[in-house]
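What follows is a single structure, written as structure tokens, with notes after it.
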Amino acid sequence: MTDPLSELLLLSGVRSALISRARLGAPFGVRAGPVARSIFHLVVRGEGWVGIAGGERHKLNEGDVVVLPHGHSHDITWAQTCPVRPLSSLPLGSDGGLPVVTNGFDVDFDLVCGTFGFGFPAHEWVIAPLPEILIVRKSGTSGYLADTINALETELASRALGSALVANRLIEILVVHVLRAWATRHPGRAEGWLGAMADPSLHGAFQTLSGSPQSWSVATMARGASLSRSRFHEVFSEQLGKTPNEWLCTWRVAVAQDALRRGADMNEAAERAGYSSKATFGRAFKRVTGISPGSWRANAA
């Protein structure tokens, strides 16, 4: 596992969907309701403010990306302090198949809005520990993020065949860039999986999982981290909120789920996850997910 974040997202899956575009003119103040997925906003043009509903508002500039990991209700306004109205009360039109919200004034603020979600176990390990709102500034981002934003803007403007599919794939890339950029710029605030990636010793522990699944163990991970078993247990539990044993069991189940999704039978899935027998695999799977591997595969199908 030379790139733990990529491995996790490949196993868990990233699902994105464009919701709409907001083209607003000052004065504007809207409140978007909560949703069950993570929300992102990309400022294509202009300046504004954003904040959790009723909370502190943060300045937005052209090219900035806002993520609300937990899908909280939030305000988008033209000034730091101004009244808001429900977003749903504004007229809704369409542009190239994408819903567009307007407020009847000359447009000076253009926002692309969408949602994304991670599957098991990335949601718990990456999204759950994040703050209510995070902002990645265009001024401090890498060329990769800026290039992805430009590519997304170009694709949305093109209205070419297949543009919706391409845009969704670009959003998935954008989400990874944003999370990586935010964790890099705020190492003291990054917890869970993103925080663990910034810890050189834990990164070394995860690299041991590039070997055979049958060799995965807490002892091997501790050696990869160059820490004693007790110290590794302490550092790991503090950063990730679960013991190494708990984490490793969940990781094995995630690997097995990925194998089952790809058409593996029970024996093959158990082997891919490093279990010596189907019975041991079944018990571990049910302990983590609450259902048997067979039931899980039927539900997934």
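Take ALA181 and decide whether it is closer than 21 Å to GLY71 by Cα, small (Gly, Ala, Ser) and open to solvent by 10 Å² or more (accessible area, probe 1.4 Å). In short, yes. For LEU194, the stated conditions hold: it is under 23 Å from ARG15 (Cβ atoms) and among the aliphatic types (A, V, I, L, M). Restricting attention to the range 123-151 and to residues that are modelled with pLDDT under 85 and in contact with a strand residue (DSSP E or B) (Cβ under 9 Å, 6 or more places away or on another chain), the residue that is farthest from THR250 (Cα to Cα) turns out to be LYS138. Tell me yes or no: at least one residue of the range 249-265 is modelled with pLDDT of 90 or more, more than 27 Å from GLY294 (Cβ to Cβ) and either over 25 Å from the mean Cα position of the chain (by Cα) or open to solvent by less than 30 Å² (accessible area, probe 1.4 Å) (or both). No; the residues of the range 249-265 include none that is modelled with pLDDT of 90 or more, more than 27 Å from GLY294 (Cβ to Cβ) and either over 25 Å from the mean Cα position of the chain (by Cα) or open to solvent by less than 30 Å² (accessible area, probe 1.4 Å) (or both). Looking only at the range 206-222, decide whether some residue is hydroxyl-bearing (Ser, Thr, Tyr), open to solvent by less than 60 Å² (accessible area, probe 1.4 Å), assigned to a helix (DSSP H, G or I) and modelled with pLDDT under 85. No, the range 206-222 has no match at all. When each of ALA36, ALA17, ALA22, ALA53 is tested for being touching a His at 6+ places or on another chain (Cβ under 6 Å) and small (Gly, Ala, Ser), the lone residue that passes is ALA53.
All conditions in (1) hydroxyl-bearing (Ser, Thr, Tyr); (2) closer than 20 Å to ALA167 by Cα; (3) more than 23 Å from the chain's Cα centre (by Cα) hold for THR148, with the sole exception of (3). Tell me yes or no: at least one residue of the range 87-99 is modelled with pLDDT under 95 and either touching a helix residue (DSSP H, G or I) at 6+ places or on another chain (Cβ under 6 Å) or among the basic types (Lys, Arg) (or both). For the range 87-99, residues modelled with pLDDT under 95 and either touching a helix residue (DSSP H, G or I) at 6+ places or on another chain (Cβ under 6 Å) or among the basic types (Lys, Arg) (or both): absent. Tell me, yes or no, whether the range 276-291 has at least one residue that is closer than 23 Å to SER215 by Cβ, outside any helix (DSSP H, G or I) and open to solvent by less than 30 Å² (accessible area, probe 1.4 Å). No, the range 276-291 contains no residue that is closer than 23 Å to SER215 by Cβ, outside any helix (DSSP H, G or I) and open to solvent by less than 30 Å² (accessible area, probe 1.4 Å). Note on the range 97-174: enclosed strands (runs of 3 or more DSSP E) holding 2 or more residues that are surrounded by fewer than 18 Cβ atoms within 10 Å (Cβ to Cβ) and in contact (Cβ under 8 Å) with a residue 40 or more places away in the chain are 98-102. Might you let me know whether the range 76-86 holds any residue that is surrounded by fewer than 17 Cβ atoms within 10 Å (Cβ to Cβ) and among the small types (Gly, Ala, Ser)? Scanning the range 76-86, I find at least one residue that is surrounded by fewer than 17 Cβ atoms within 10 Å (Cβ to Cβ) and among the small types (Gly, Ala, Ser), so the answer is yes. With respect to (1) of a type outside the set (Ser, Thr, Tyr); (2) open to solvent by 30 Å² or more (accessible area, probe 1.4 Å); (3) in contact with a Phe, Trp or Tyr (Cβ under 6 Å, 6 or more places away or on another chain), the lone exception for ALA53 is condition (3).
Would it be correct to say that ALA196 is in contact with a helix residue (DSSP H, G or I) (Cβ under 9 Å, 6 or more places away or on another chain), open to solvent by less than 30 Å² (accessible area, probe 1.4 Å) and not in a helix (DSSP H, G or I)? Considered against the rule, which asks whether it is in contact with a helix residue (DSSP H, G or I) (Cβ under 9 Å, 6 or more places away or on another chain), open to solvent by less than 30 Å² (accessible area, probe 1.4 Å) and not in a helix (DSSP H, G or I), ALA196 comes out as no.
Among the numbered conditions (1) open to solvent by less than 40 Å² (accessible area, probe 1.4 Å); (2) not in a loop (DSSP other than H, G, I, E, B), the only one that GLY63 does not meet is (2). For the range 223-271, filtering for residues that are touching a residue at least 12 places away in the same chain (Cβ under 8 Å) and in a helix (DSSP H, G or I) leaves 28.
The set of residues in the range 223-237 being of a type outside the set (Phe, Trp, Tyr) and either buried (at least 21 other Cβ atoms within 10 Å of the Cβ) or within 15 Å of PRO4 (Cβ to Cβ) (or both) consists of GLY224, ALA225.
The values are calculated or read from the model by the stated rules, or taken from the named source; none is laboratory data. None of these values were measured; they are calculated from a predicted model. With ideal geometry, Cβ positions are generated from the backbone for all residues, glycine too; neighbour counts draw on all protein chains shown. Ligands, DNA and RNA are excluded from the accessible area calculation, which covers all protein heavy atoms including side chains. Shrake-Rupley method; radii C 1.70, N 1.55, O 1.52, S 1.80 Å.
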